[in-house]
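**Q** Before we start, here is the structure in question, set down as structure tokens.
FYI, it's all coordinate maths here, none of it is from the lab. From a predicted model like this one, the values you see are computed outputs, not experimental measurements. We place every Cβ from the backbone using ideal geometry, glycine too, and count neighbours over all the protein chains shown.
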Amino acid sequence: MNTPGLSARRAALPALPAMALLWLLALALLWLLALAPPPAHAAPPEPPAAKLVAEKSQIGFVTRQMGVPVEGSFRRFEATLKLDPRRPEGGSVALSIDTGSASLGLPMADAELPKPTWFDVAHHPRASFESTAIRALGGDRYAVNGRLTLKGITRELVVPVSIAPAEAGRSVATGSLVLHRLDFRVGDNEWTDTSMVGNEVTVNFRLILAAPGTP
Amino acid sequence: MPTPPAAPAPARTGLPRRDRHDGRYGRIAIALHWLLALMILSSLCVGVAMVGLPFSPARVRLFNWHKWAGIAILALSALRLLWRLAHRPPPLPEAVLRAMPGWQRAAHQGTIALMYALFFAVPLLGWAYSSASGFPVVWFGVLPLPDLVAPDHALAESLLKPLHATLAFSLATLAALHVAAALKHHFIDHDPLLARMWPRGRGDRPGDPPP
């Protein structure tokens, strides 16, 4: 495109190696582009980090002893939330429960729960739940798929959760699910008799979530 | 209940049949007496044994059996009291009454009245203790009973538990006194008091000639 004299000289060069060089250059350029980090504006937005208001939240469970409902709770737990409680889909939840904080409100039973037969707190001080997907079910209901690890045993489960607005810009996540204690070897040895303590344990939770930007 | 005309009952009195007696308690009253005696004694033994057990399935089992038995005792005692109100117990034989000093008659009436009060108070307090401890009673593992009091551990441990135990031991003491008195009448006074409550079967059916 410059002077006609120059292009005439270039035309004299062997055409094939030049074409090959051009192709290599183009490929290298594409390769670099593919490896380069994508521009910031193209990434999906990082889910905002909500906070668990642990002191106002509750994780309880109900077992049956010879038909008698016996209620217990975990007094200490924490959560890492990467979600907007007002739009939880696509976010994630990681819950960590202090197994040594389990209580039936009865000193004699509470002295037993940390033992290897029950929660084996010495070896498994924490139970955890990590979500793998949060799907909207319509209304204020969501299905949280995740992995529960208790006493070193991990099971996949789906937790139904309802999330409703609460006072002070907070949200309240409530739900209930039934676990089988023997899946996690909770109540081992002489306590595996389910006519004594039922296998089904209903877990009820009420978690108060502070949305991002609220106290 | 009027006397069935065809019944070969002895026509010794003109009283309705339920108040007529041959000096003995009726069959139902005798059955309830011995059944409840057995149940109360068993519950006392289970109660004493279970509280010393460590946390174990055996402990949970005994506690539940004890509660089931207690509710059964309460229900049967209510039935027994109603039965007693409708079917007057036979009066003490004249000879026995004459031989009893006033304090013995008072002790006799007082012991029975107190025992009846405790037949209700002890199971009710046990039930309330269980409710206050946060353990509703589920009768035989299938019938949930209402809580008598709201869960309150302080109330359960400081008041209801000691009261239940104290009154249970009081009932046991009164029952021992009751048994001692019956044995005294039988073996020392040689009067027929014990026979009034002894199950039939030795030819002393109604209509049999008096011995």
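**Q** Counting partner chain Cβ atoms within 10 Å of every residue's Cβ in A:62-75, what's the average?
**A** Average per residue, whole number: 4.
**Q** Given A:Lys115/A:Lys151; A:Lys115/B:Lys161; A:Lys56/A:Lys151, which pairs have Cα atoms separated by over 19 Å?
**A** Among A:Lys115/A:Lys151; A:Lys115/B:Lys161; A:Lys56/A:Lys151, the Cα-Cα distance tops 19 Å for A:Lys115/B:Lys161; A:Lys56/A:Lys151.
**Q** Under a crude label model (7 Å from the Cα following the beta-carbon direction), how far is B:Leu194 from A:Met108 in nanometres?
**A** Those two pseudo-labels are separated by 3.8 nm.
**Q** Inverting the mean 1/r over all pairs of different Cα atoms, compute the Kirkwood radius of the range B:36-160 and quote it in Å.
**A** After inverting the mean inverse Cα-Cα distance, the result is 16.7 Å.
**Q** For Cα pairs less than 8 Å apart in space and 6+ apart in sequence, what is the mean separation divided by the residue count of chain A, i.e. the relative contact order in percent?
**A** It comes to 21 percent, rounded to a whole number.
**Q** Against the longest alpha carbon principal axis of chain A, how many degrees, from 0 to 90 and to the nearest 10, is the axis of helix A:15-35 turned?
**A** Taking Cα atoms only, the helix is inclined about 20 degrees.
**Q** Run the quick spin-label model on B:Ile30 and A:Leu177: label points 7 Å from Cα toward the beta carbon, then report their separation in nm to one decimal.
**A** For B:Ile30 paired with A:Leu177, the spin-label model returns 6.4 nm.
**Q** Evaluate peptide B:128-136: per residue, the Cβ atoms of other protein chains within 10 Å of its Cβ; return the mean as an integer.
**A** That works out to 2 on average.
**Q** For chain A, compute Rh as the Kirkwood radius over C-alpha pairs and then the Stokes-Einstein diffusion coefficient at 25 °C and 0.890 mPa s; write the answer in µm²/s, rounded to an integer.
**A** Reported coefficient: 116 µm²/s.
**Q** Based solely on its DSSP helices, what 222 nm [θ] is calculated for the protein assembly as shown when runs of n ≥ 4 H residues each add -39,500 (n - 2.57) and the sum is averaged over all residues, nearest 500 deg cm²/dmol?
**A** Computed ellipticity for the protein assembly as shown at 222 nm equals -12000 deg cm²/dmol.
**Q** What does the structure give for B:55-63 when I average, per residue, the other chain Cβ atoms found within 10 Å of the residue Cβ?
**A** Average per residue, whole number: 5.
**Q** Say R0 is 51 Å: what FRET efficiency, to the nearest 0.05, do B:His153 and B:Leu183 get from their beta-carbon distance?
**A** After rounding to 0.05, the efficiency reads 0.75.
**Q** If contacts are Cα pairs under 8 angstrom and at least 6 residues apart, what is the relative contact order of the range A:137-215 in percent?
**A** So the answer I get is 27 percent.
**Q** Per-residue counts of other Cβ atoms within 10 Å, averaged by peptide: what ranking do you get for A:66-78, B:37-49, highest first?
**A** Ranking, from highest mean packing down: A:66-78, B:37-49.
**Q** Over 10 Å intervals from 0, what percent of Cα-Cα pairs in the protein assembly as shown sits in each interval?
**A** All Cα pairs considered, the percentages come to 4, 15, 17, 14, 12, 9, 8, 7, 4, 2, 2, 2, 1, 1, 1, 0.
**Q** Now a separate question. Taking B:Lys67 as the anchor, which aspartates and glutamates have their alpha carbon closer than 18 Å to its alpha carbon, excluding any fewer than eight residues away along the same chain?
**A** Output for B:Lys67: B:Asp147, B:Glu157.
**Q** Need one number: nm distance between label points at A:Thr132 and B:Asp22, each 7 Å from Cα along Cα→Cβ, rounded to one decimal.
**A** 8.1 nm
**Q** Further, regarding this structure: R0 = 41 Å: FRET efficiency of B:Ala99 with B:Met39, Cβ-based, nearest 0.05?
**A** 0.80
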